[in-house]
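The block underneath contains the structure these notes are about, expressed in structure tokens.
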Amino acid sequence: MDALRCTDLTRAFRGKRAVDAVSLALQPGDIYGLVGRNGAGKSTLLKMIAGYLAPTAGTVEVCGEALGPCQTSSRIGCLIEHPAVNPALTGVQNVTVRAIAQGLPDPKRAATEMVEAVGLGEAGRDRAKGYSLGMKQRLGLALALVGRPDVLLLDEPFNGLDPEGVRLVRRLLTSAAEERGTAIVISSHVLDQLERTVTRYGVIRAGRLVAEMTAAEVEEACADYLCVETADAPRALTVLEQACPEACFTVMPDDAIRVTGAVEAEKVGRLLLEAGVPVSGLYVHARDIEDYFVELMGGTGAVRGTRGGENRG
Amino acid sequence: MRTVGNLVRAQWFRLLHGSSSGLFALTLVAVAGFVVVQFTAYWDDCGTFRAVLGRASVVEVYCVFVALYLAAFFAEDFQYGTVRNLMVGKGSRRAWALSALVVTFGCALGAMLLGAVVTGVVYGLMGGAPVAFDIGELAAWWLVASLLATAFSVVAVAVTVVVPWAPLTTAVVAATLLTSGLGYWFCQAAAVGLPAPLASFVTEGVLPLTLTALRLSLLNGAPIEPWWFADLALVLVASVIIIAAALNRKELRQS
């Protein structure tokens with residue numbers, strides 16, 4: 001059974017579709033990274049799944065239970081946009097309120113444990129009005145995690161966290177997914193953190209889910225390769241294939257040869273020189289995850305405009 | 001019902017631990033002191049038990065503070081987006097409306113009891129003329145006064161939920177307008193300029209049913225009528241339905 005299934009989820013604001021027929025399914029233990037430019041519809045999608053915003057069309061199922069429009073579920077924990085923190089209460093009290101509402105048997109204990117788990121420690125006994133952005137973010141995570149939900153929806157969970165906090169959050173999420181089978185959706189622009197955390201990716205562009213891939217597929221697509229630029233690609237290919245059977249060669253549309261596998265640039269250069277093949281360029285091409293996703297998200301054009309001038313993720 | 005119970009407990013916890021809860025308690029005690037001052041002006045005017053409770057301005061003053069405080073308290077859920085933390089499953093939005101009603105009624109009962117006790121003690125200490133104490137009459141007064149304070153508060157909360165912006169400001173403005181009776185006085189003044197049939201409908205059919213008219217009746221020690229309960233129950237039910245309906249499709253976010 002899917003932990004989370006959305007079918008054709010759509011939301012239109014004044015006739016303009018912020019989210020357009022998005023369908024996705026998560027198995028227990030999946031960590032799904034949602035990537036997209038500002039205003040692509042990520043936060044709107046998460047809000048509809050969470051039951052904070054009514055969809056114009058489409059359905060949401062959590063662990064087999066169909067949720068009505070604007071229906072929340074005790075199985076879902078959320079941190080969407082800003083942490084929902086009451087500044088007049090302490091960190092522990094904020095989480096206790098949620099724990100009581102969830103009907104947990106020992107809400108104060110559950111809240112204290114969760115505040116400790118997110119690394120707030122002694123600060124959990126201070127009023128939240130004095131919290132820094134990172135501390136509020138940690139508290140927001142505690143609010144999302146209390147009650148051990150089956151599905152976690154996190155919008156920019158690494159926002160404002162110090163390096164130690166980032167590592168802690170990554171560890172918390174990974175252990176929730178691996179040990180308890182929590183399905184997690186993370187919307188974030190911090191791609192290097194996503195790369196270390198998620199098992200699957202979804203790319204959302206102008207409200208539509210335009211691509212889905214596994215972490216392994218992304219890793220493969222972003223692997224470094226050796227690029228050989230030559231005026232005589234067929235002969236260079238013959239020489240290299242004979243000399244380096246363990247490597248993999250691809251001739252690109254511009255006749256450059258892409259070499260992947262265990263082969264050194266120095267060796268390739270020497271082989272081509274000895275064979276008298278003219279070489280105009282020989283370099284290692286590093287394509288990082290950012291380049292890859294920027295391409296998928298639709299290049300580096302302007303941010304998509306949204307209602308009320310807001311930037312929605 | 002379990003969700004309602006959990007949300008009542010959660011809101012109660014928030015009420016007791018919020019920074020302004022101590023201030024609220026202090027305010028009620030200060031208002032109790034104000035009751036003493038009021039007595040010096042009106043105490044020889046109190047011929048009946050009801051009049052003693054009413055003339056001390058318990059209803060007049062406590063209604064204002066209870067409505068202002070509680071309207072702002074529930075508005076905080078929308079101001080900070082903490083209403084999201086109370087959404088824990090199917091029916092949570094309706095449960096929020098019912099929990100607001102229950103918590104408000106509990107607070108109103110407490111505030112009115114505090115006021116009644118202070119009134120009785122002060123009246124005795126100041127050597128007021130003996131009036132026949134009637135536990136049934138006290139219970140009826142206490143209930144109707146508490147329902148009235150609850151109605152003012154819940155109507156203000158309904159306005160806060162319906163209006164899509166500035167929840168805290170809206171709550172305070174709504175509670176102030178309602179409890180000050182400005183709407184009542186406006187309708188009364190406007191009725192003078194209305195055509196005769198409409199004016200008589202407003203002055204005889206509408207204004208006597210309003211919360212302000214009930215407040216004035218309690219203040220003046222008028223006999224408690226059974227229809228007051230029906231009127232207040234109707235206002236409360238309508239307000240809770242409005243809150244639940246407005247919340248049903250409202251986007252839950254930080255203001």
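All of the numbers you see were taken from the coordinates with simple rules; none came from a lab. Quick caveat: nothing in here was measured; it's all calculated off a predicted structure. Glycine also receives a Cβ, built like all others from the backbone with ideal geometry; neighbour counts cover every protein chain displayed.
Things worth noting here:
- Qualifying residue in segment B:129-142 (condition: within 14 Å of chain A (Cβ to nearest Cβ) and part of a helix (DSSP H, G or I)): no
- Every condition in (1) under 15 Å from the mean Cα position of the chain (by Cα); (2) more than 14 Å from chain A (Cβ to nearest Cβ); (3) buried (at least 20 other Cβ atoms within 10 Å of the Cβ) holds for B:F65 except the one numbered (3).
- A:T112 facing another protein chain (nearest Cβ under 8 Å), β-branched (V, I, T) and closer than 30 Å to B:L23 by Cα: no
- Test: residue in segment A:58-71 that is over 30 Å from A:Y292 (Cα atoms) and in a helix (DSSP H, G or I): no
- Residue in segment A:259-280 that is assigned to a helix (DSSP H, G or I), within 41 Å of the chain's Cα centre (by Cα) and farther than 14 Å from A:Y225 by Cα present: yes
- Condition met for B:S239 (exposed (fewer than 13 other Cβ atoms within 10 Å of the Cβ), within 14 Å of the chain's Cα centre (by Cα) and more than 14 Å from chain A (Cβ to nearest Cβ)): no
- Set B:T212, B:T203, B:T179, B:T150: member being assigned to a helix (DSSP H, G or I) and either surrounded by fewer than 16 Cβ atoms within 10 Å (Cβ to Cβ) or acidic (D, E) (or both): B:T203
- Some residue of segment B:178-186 being of a type in the set (A, V, I, L, M), more than 14 Å from every other protein chain (Cβ to nearest Cβ) and out of contact with any Lys or Arg (no Cβ under 8 Å at 6 or more places or on another chain): yes
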